[in-house]
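Let me begin by presenting the structure, written as structure tokens, before commenting on it.
Values in this text are rule-based calculations from the coordinates and carry no lab data. Small disclaimer: the values here were computed from a predicted structure and weren't measured. Neighbour counts run over all protein chains shown; Cβ positions are idealised from the backbone, glycine included.
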């Protein structure tokens, strides 16, 4: 599988609820942002634009999040992104978030399915994309 890509992101005031703790839905944004950055590394170009260049639409099929520790304003998140699996018609990413270098705060898994841009029907993962995600 692809190498792990580490993405850093500072938690902003606007990411938090009135108590100063990250608002739960923001974790899905953090995971998606980190995956897009990792795609830029693996696909050797602007992540999402390069992915769309494979003539597929990659809608999300599944997203799971597990919260392990609170995160507050001004914390720096380190998110390790890896390719969890590449199937026949889909591909999945794993995002593991940490603060202070070693405190696990969340784990997310996002699965995309490949849909033809013209017919909107499920198609196979393009071979070139498969190769890039598995190197």
Worksheet item: What residue among 67, 30, 98 shows peak mean-square fluctuation when the chain is described by a Gaussian network model with Cα springs under 10 Å?
Response: 67
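Which of 42, 73 comes first, and how do the rest follow, when ranked by fewest Cβ neighbours within 10 Å? Walk me through the intermediate numbers first.
On the way: 42 21, 73 16.
With the sparsest Cβ surroundings first, the list reads 73, 42.
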Discussion item. Give me P(r) over the range 1-72, computed from all C-alpha to C-alpha distances, binned every 10 Å, as integer percentages.
Written reply: 17, 41, 30, 11, 0
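Given the -39500 (n - 2.57) contribution per DSSP H run of 4+ residues, what per-residue ellipticity at 222 nm results for the chain, rounded to the nearest 500 deg cm²/dmol?
-7000 deg cm²/dmol
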Fill in: Percent RCO, i.e. relative contact order, over the chain, from Cα pairs under 8 Å lying at least 6 residues apart
30 percent
Discussion item. Distance between the C-alpha centers of the range 103-135 and the range 54-73? Whole Å please.
Written reply: 13 Å
Worksheet, complete the sentence: If one builds a Gaussian network model of the chain from Cα atoms under 10 Å apart, the most fluctuating residue listed among 13, 91, 54 is 13
Fill in: Angle between the chain longest axis and helix 26-42 axis [Cα atoms, degrees, rounded to 10]
50 degrees
